[in-house]
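See structure below.
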Amino acid sequence: MTAAAVLTPEPAPILACTVSRDVSNFDLLIEDMETELGESWGDLGFDDAVAFLNQPDSEALEFIAIAVDGEDEGDLNKISGIITSAKEKGVRVILIADEVSPIALHQLLRLGADDFVPYPLPEGALHDAVERLGQSDIPAAYPTNATPPTFEASGGKDGVVLAVHGLSGGVGATTVAVNLAWELASMNSGNKKSQGYSPRVCLLDLDLQFGSVATYLDLPRREVIFDLLSDTAHMDAEVFKQALLTFNDKLHVLTAPQDMLPLDLISTEDVDRLIDMARANFDFVIIDMPSTIVSWTEAVLRQSHLYMALLELDMRSAQNTLRMVRALQAEGLPTEKMRYLLNRAPKFTDLTGKSRIKRMAESLGISIEVLLSDGGKPITQANDHGMPLAETAAKAPLRKEIQKLAYSVAELSQAAEAAGSA
């Protein structure tokens, strides 16, 4: 061995790389990388990253941190190729994003980024993300003959799932979902039949674009919702509960995200994980659905004990109901779970109302089981003030009808539990 060889130390292996258009735009990331890795990291441009990943020098890489901002949205295809190459090599990917649109961020996350951290980096955020990578059991890329670990929800319950779907815009589906959830959550007070029965209730707003549950209950929309929906594979009971907000210490709510997001942000697997987690921790899970049929509608229908479809006594509702029934039958989905609720039903003084409802049901081949009154301005005012009808219009006919529906659902659930334990 020569003296020169003794005096020249082996270079430290590169354990991580930043990948960006210009890393100097992310000075906080540079500082955090140096704190986390010392000299065992490097920097790559978008044009060099794929080539480096194919070199032997990349074999020691544990992760890459791809830093993007709004100016990089024109290079999404190039960035997507980097993520794909990294996943094929078994290299983890942390996405650092600064003012990137939700749609672009959604696209990059769906390609397989393992973690997401907003920029400017919060204190310790990169360190926490690196730790999460090390703790994860899910490999960066699965062999063709392997599957990810099965999702396990914990909580000891097996909740009843009730989905609410408006078959036309403005038919009052969110109003029904919110007030049904509240009546179930507050069931232990105000009614002799329910004394001693106090179920835990969770309300999920899955209308990712126009969800109004947060408005109707005066709750904030938080960034953590997007983080949860973007990475349900790593969700546990604690992460799920941290994403929930509580209304009046009784009702637990997962609001829609802050920004308008694509409905395909979540997949069928994501929805199944959410519902499994909610069912494991709550007695009743109410789901406010978007009026649009999406790829994961089937997952909700499959998991639901009852799938409540709201319509009105008009032509648009009739036509949409017919389309819905045909779509479900064509896919062989369980239409027997559907329950049809007619909102803003004719008053008893409308002498032709009953016959019109009957003709509509017969022409559609359905049974309209619940009639809900037109609540008028008090309903709109309650929603605008962010309060359930029980708090602002307790004597309104609509509130009493939803309360009756809640008691009926609770009684059926209790009867099923009693039969199961017998």
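The values are calculated or read from the model by the stated rules, or taken from the named source; none is laboratory data. The structure presented is a predicted model; accordingly, all values stated were derived computationally and were not measured. Heads up, the Cβs are rebuilt from the backbone with ideal geometry, glycines too, and the neighbour counts pull from every protein chain shown.
Within segment 320-339, is even one residue at pLDDT 90 or above and not in a helix (DSSP H, G or I)?
Yes, segment 320-339 contains at least one residue that is at pLDDT 90 or above and not in a helix (DSSP H, G or I).
All but one of (1) over 16 Å from the mean Cα position of the chain (by Cα); (2) surrounded by fewer than 18 Cβ atoms within 10 Å (Cβ to Cβ); (3) modelled with pLDDT of 90 or more hold for F348, so report the exception by its number.
Just one mismatch for F348, condition (3).
Among the numbered criteria (1) at pLDDT 85 or above; (2) over 21 Å from Y119 (Cα atoms), which one does K78 miss?
Failed condition: (2).
Return yes or no: is I366 without any contact (Cβ under 8 Å) to a residue 60 or more places away in the chain, of a type in the set (A, V, I, L, M) and buried (at least 17 other Cβ atoms within 10 Å of the Cβ)? Step through it out loud before you land on a result.
Details: without any contact (Cβ under 8 Å) to a residue 60 or more places away in the chain: yes; of a type in the set (A, V, I, L, M): yes; buried (at least 17 other Cβ atoms within 10 Å of the Cβ): yes.
When the stated conditions are applied, I366 passes them.
Return the total of residues in segment 398-413 being surrounded by fewer than 14 Cβ atoms within 10 Å (Cβ to Cβ) and of a type outside the set (K, R).
The total comes to 3.
From the list L310, L389, pick out the single residue that is in contact with a Gly (Cβ under 7 Å, 6 or more places away or on another chain), buried (at least 19 other Cβ atoms within 10 Å of the Cβ), modelled with pLDDT of 90 or more and under 16 Å from A173 (Cα atoms).
Details: L389 fails: in contact with a Gly (Cβ under 7 Å, 6 or more places away or on another chain).
Exactly one of L310, L389 is in contact with a Gly (Cβ under 7 Å, 6 or more places away or on another chain), buried (at least 19 other Cβ atoms within 10 Å of the Cβ), modelled with pLDDT of 90 or more and under 16 Å from A173 (Cα atoms), namely L310.
All but one of (1) among the hydrophobic types (A, V, I, L, M, F, W, C); (2) within 14 Å of L167 (Cβ to Cβ); (3) in a loop (DSSP other than H, G, I, E, B) hold for M308, so report the exception by its number.
(3)
Considering each residue of segment 187-211, count those that are at pLDDT below 95 and either closer than 21 Å to A382 by Cα or assigned to a strand (DSSP E or B) (or both), and give that number.
Matching residues across segment 187-211 total 5.
Of all residues in segment 236-291 being basic (K, R) and more than 16 Å from R302 (Cα to Cα), which is modelled with the highest pLDDT?
Filtering segment 236-291 for residues that are basic (K, R) and more than 16 Å from R302 (Cα to Cα), the one modelled with the highest pLDDT comes out as K250.
Just one of the numbered conditions (1) part of a loop (DSSP other than H, G, I, E, B); (2) more than 13 Å from the chain's Cα centre (by Cα) is not true of P257; which one?
(2)
For segment 58-109, name all the residues that are outside any helix (DSSP H, G or I) and more than 27 Å from P13 (Cβ to Cβ).
If the condition is that a residue be outside any helix (DSSP H, G or I) and more than 27 Å from P13 (Cβ to Cβ), then D69, A97, D98, E99, V100, S101 are the ones that fit.
Can you tell me which of L37, L44 is out of contact with any His (no Cβ under 8 Å at 6 or more places or on another chain) and more than 16 Å from H127 (Cα to Cα)? It would help to see each step written out before you state the result.
Numbers: L37 fails: more than 16 Å from H127 (Cα to Cα).
From the options L37, L44, the qualifying one is L44.
Any residue that is without any contact (Cβ under 8 Å) to a residue 60 or more places away in the chain, buried (at least 17 other Cβ atoms within 10 Å of the Cβ), more than 25 Å from the chain's Cα centre (by Cα) and farther than 20 Å from V130 by Cβ - is there at least one of those in segment 93-104?
No, that holds for no residue.
Starting from segment 24-45, take each residue that is in contact (Cβ under 8 Å) with a residue 60 or more places away in the chain and list its partners that are surrounded by fewer than 16 Cβ atoms within 10 Å (Cβ to Cβ), counting only C-beta distances under 7 angstrom and pairs at least six apart or across chains.
These pairs meet every condition: L28/P120; E36/H127.
When the residues of segment 242-295 are filtered to those that are among the acidic types (D, E) and farther than 22 Å from Y216 by Cβ, which remaining residue is surrounded by the fewest Cβ atoms within 10 Å (Cβ to Cβ)? Step through it out loud before you land on a result.
Step one: list which residues in segment 242-295 are among the acidic types (D, E), which gives 249, 259, 264, 269-270, 272, 276, 283, 288.
With the extra rule that they be farther than 22 Å from Y216 by Cβ, the set shrinks to 264, 269-270, 272, 276.
Numbers: D264: 12, E269: 14, D270: 19, D272: 17, D276: 19.
Among those that are among the acidic types (D, E) and farther than 22 Å from Y216 by Cβ, it is D264.
Would you point out which residue out of L109, L126, L121 is under 20 Å from L263 (Cβ atoms), touching a strand residue (DSSP E or B) at 6+ places or on another chain (Cβ under 9 Å), in the same structural domain as D22 (by TED's automatic domain parsing) and touching a residue at least 40 places away in the same chain (Cβ under 8 Å)?
L109
Does P120 count as at pLDDT below 80 and either part of a loop (DSSP other than H, G, I, E, B) or charged (D, E, K, R) (or both)?
no
Scan L274, L310, L333 and give me the residue that is farther than 29 Å from A233 by Cβ and in the same structural domain as V239 (by TED's automatic domain parsing). Walk me through how you get there before you give the answer.
Values: L274 fails: farther than 29 Å from A233 by Cβ; L333 fails: farther than 29 Å from A233 by Cβ.
Criteria check complete, one pass: L310.
For residues in segment 260-290 being under 12 Å from the mean Cα position of the chain (by Cα) and of a type in the set (G, A, S), which is nearest to L405 (Cα to Cα)?
A278
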